[in-house]
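K.L.:
Would you mind keeping the following structure in view while I ask a few things?
The values are calculated or read from the model by the stated rules, or taken from the named source; none is laboratory data. Predicted model only: the values in this text are computed from it and were never measured. Using ideal geometry, Cβ is built from the backbone for each residue, glycine included, and neighbour counts are taken over all protein chains shown.
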Amino acid sequence: MSAITHETRAESAKKVEKTKENRKTLILSILGDKEMTAFEVAEKLFAMGAIKILDPNAARPRLTELEKDEIVETVRKVRCPMSGRTVAVYKRIV
């Protein structure tokens, strides 16, 4: 890996680290007692102005971390109307 690539990756990681906990808090608030996909969570984040573009990748990593921390769980699979792919549905358990 080049020095430039290493630097840009480190800069990006540092920037994400600053917003990570806030994003988790927002996601938990959005989930409430509902079951939602990452895309549905991203739609809410976008509507709130918390993200600049509608992208489920703004929610997926945090949902994965919340699942590892046993705060949310996957409850079923559904077909995403946007991508046509099977995706997980998340639910808050704590």
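K.L.:
Give me a count of the residues in segment 58-73 that are in contact (Cβ under 8 Å) with a residue 12 or more places away in the chain and either surrounded by 14 or more Cβ atoms within 10 Å (Cβ to Cβ) or more than 14 Å from Leu28 (Cα to Cα) (or both).
P.N.:
Filtering segment 58-73 down to residues in contact (Cβ under 8 Å) with a residue 12 or more places away in the chain leaves 58-60, 62-63, 65-67, 70-73.
Of the ones still in play, those that are also either surrounded by 14 or more Cβ atoms within 10 Å (Cβ to Cβ) or more than 14 Å from Leu28 (Cα to Cα) (or both) are 58-60, 62-63, 65-67, 71-73.
Of the residues in segment 58-73, 11 are in contact (Cβ under 8 Å) with a residue 12 or more places away in the chain and either surrounded by 14 or more Cβ atoms within 10 Å (Cβ to Cβ) or more than 14 Å from Leu28 (Cα to Cα) (or both).
K.L.:
Considering segment 31-56 alone, what residues qualify as being aliphatic (A, V, I, L, M) and part of a helix (DSSP H, G or I)? Steps first, please.
P.N.:
In the first step, residues of segment 31-56 are kept if they are aliphatic (A, V, I, L, M); the result is 31, 36, 38, 41-42, 45, 47-48, 50-51, 53-54.
Answer for segment 31-56, where residues must be aliphatic (A, V, I, L, M) and part of a helix (DSSP H, G or I): Leu31, Ala38, Val41, Ala42, Leu45, Ala47, Met48.
K.L.:
Here's a follow-up. Pairs under 6 Å by beta carbon, first residue under 13 Å from Leu63 (Cα atoms) in segment 77-91, partner of a type in the set (Lys, Arg), six or more apart or different chains?
P.N.:
So the pair list comes out as Val89/Arg76.
K.L.:
Can you spot a residue in segment 68-79 that is in a helix (DSSP H, G or I), under 20 Å from Thr19 (Cβ atoms) and either of a type outside the set (Val, Ile, Thr) or modelled with pLDDT under 95 (or both)? Lay out the reasoning, then the answer.
P.N.:
Quick first cut of segment 68-79, residues in a helix (DSSP H, G or I) only: 68.
Adding the requirement that they be under 20 Å from Thr19 (Cβ atoms) leaves 68.
So of that shortlist, the ones also either of a type outside the set (Val, Ile, Thr) or modelled with pLDDT under 95 (or both) come out as 68.
Yes, that holds for at least one residue.
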